[in-house]
Amino acid sequence: MNLILKRYSQPDQQIQKLLLTADPDEQKINEYLTTGIAYAAYYQSSLVGTVVLLPQTANQIELVNLAVIENLQQQVIGHQLLKFAIEKSRLANYSKLTVGTGSTSFNALALYQKLGFRIVRIDQDYFSENYSQKIIENGIHLRDRLWLELLL
């Protein structure tokens, strides 16, 4: 699938709605978009996904949001967006790409690990302590965040 990726700084309503599917905290999204590097992915002129990278240090960049339109998930789009994020990070001379994701985000965890990410840390009760609403994913109360990293 040939995606067209366009950089944005302020998401339109459709992109904002998509960002919220990966991170339900609008305030956190707005915060990382102020300094993040955000791209919207289009296929045949339709929005199909988004990816946001956030520089952390001179050597490390974090993938803070990767979202795909619900009816297109479990296809090739997430894989293409993650490969795009890896390549952009390499081209920008970062040596490490990190991502924090929910311990119940099974499909995302599989995707990250297929592309070489390794689990390096668990933040117990991160979602319970940092999100006002209870998050249920795959029928499980999401509490812990897993940190993964890829050496570039």
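The values are calculated or read from the model by the stated rules, or taken from the named source; none is laboratory data. These numbers come from a predicted model, not from an experiment. Cβ atoms come from the backbone with ideal geometry, glycine included; neighbour counts cover every protein chain shown. What goes into the accessible areas is simple: the full protein's heavy atoms, side chains included, and nothing from ligands, DNA or RNA. Shrake-Rupley method; radii C 1.70, N 1.55, O 1.52, S 1.80 Å.
If you plug each phi of the stretch 69-78 into the Karplus form 6.51 cos²θ - 1.76 cosθ + 1.60 with θ = phi - 60°, what whole-Hz ³J(HN,Hα) values come out, in order, with x for Gly and Pro?
3, 3, 6, 10, 5, 6, 10, 8, 5, x
Could you list which residues have their amide H under 5 Å from that of LEU152, counting only those 5 or more apart in sequence or on another chain, with H placed in the peptide plane?
HN-HN under 5 Å from LEU152: LYS96, LEU97.
Top to bottom by accessible area (1.4 Å), largest first, where do PHE127, PHE117 land?
Sorted by accessible area, descending: PHE127, PHE117.
Using the crude model of +1 on Lys and Arg Cβ and -1 on Asp and Glu Cβ, and no other charge, please compute the dipole size for the chain relative to its Cα centre, in debye to 20.
Using Cβ point charges on Lys, Arg, Asp and Glu, the chain gives about 500 debye.
Which whole-Hz ³J(HN,Hα) couplings does the stretch 114-129 yield from phi under the Karplus relation 6.51 cos²θ - 1.76 cosθ + 1.60, θ = phi - 60°, glycine and proline marked x?
With the stated coefficients, the stretch 114-129 comes to 4, 9, x, 5, 10, 6, 10, 6, 10, 9, 5, 6, 4, 6, 5, 8 Hz.
Out of residues 5 or more away from ARG143 or on other chains, whose amide H comes under 5 Å of its own, with H placed 1.01 Å from N in the peptide plane?
Amide H neighbours of ARG143: SER103.
Could you pull out every residue, at least 5 positions away or on a different chain, whose amide H is within less than 5 Å of the one on GLY49? Hs are placed 1.01 Å off N in the peptide plane, and Pro or chain starts have none.
For GLY49, whose amide H was placed from the backbone, the distant partners under 5 Å are ALA41, ILE69.
Through the Karplus equation 6.51 cos²θ - 1.76 cosθ + 1.60, θ set to phi - 60°, convert the phi angles of the stretch 14-28 into ³J(HN,Hα) values in whole Hz; use x for Gly and Pro.
5, 5, 4, 4, 5, 4, 5, 6, 9, 8, x, 9, 4, 5, 4
Could you tell me what percent of the accessible area of the stretch 78-123 is made up of carbon and sulfur, with a 1.4 Å probe and every protein chain present?
Ligands and nucleic acids excluded, carbon and sulfur reach 50 percent.
Treating the chain as a set of equal point scatterers at the Cα positions, no solvent, please give the Debye-formula log₁₀ I(q)/I(0) at q = 0.15, 0.22 Å⁻¹.
Here the Debye-derived log intensity ratios amount to -0.77, -1.73.
Tell me the carbon and sulfur percent of the accessible area for the stretch 1-77, rounded to whole percent, probe radius 1.4 Å.
Result for the stretch 1-77: 44 percent of the exposed heavy-atom area is carbon or sulfur.
On average, how much accessible surface per residue is there in the chain, in Å², for a 1.4 Å probe, leaving out ligands, DNA and RNA?
57 Å²
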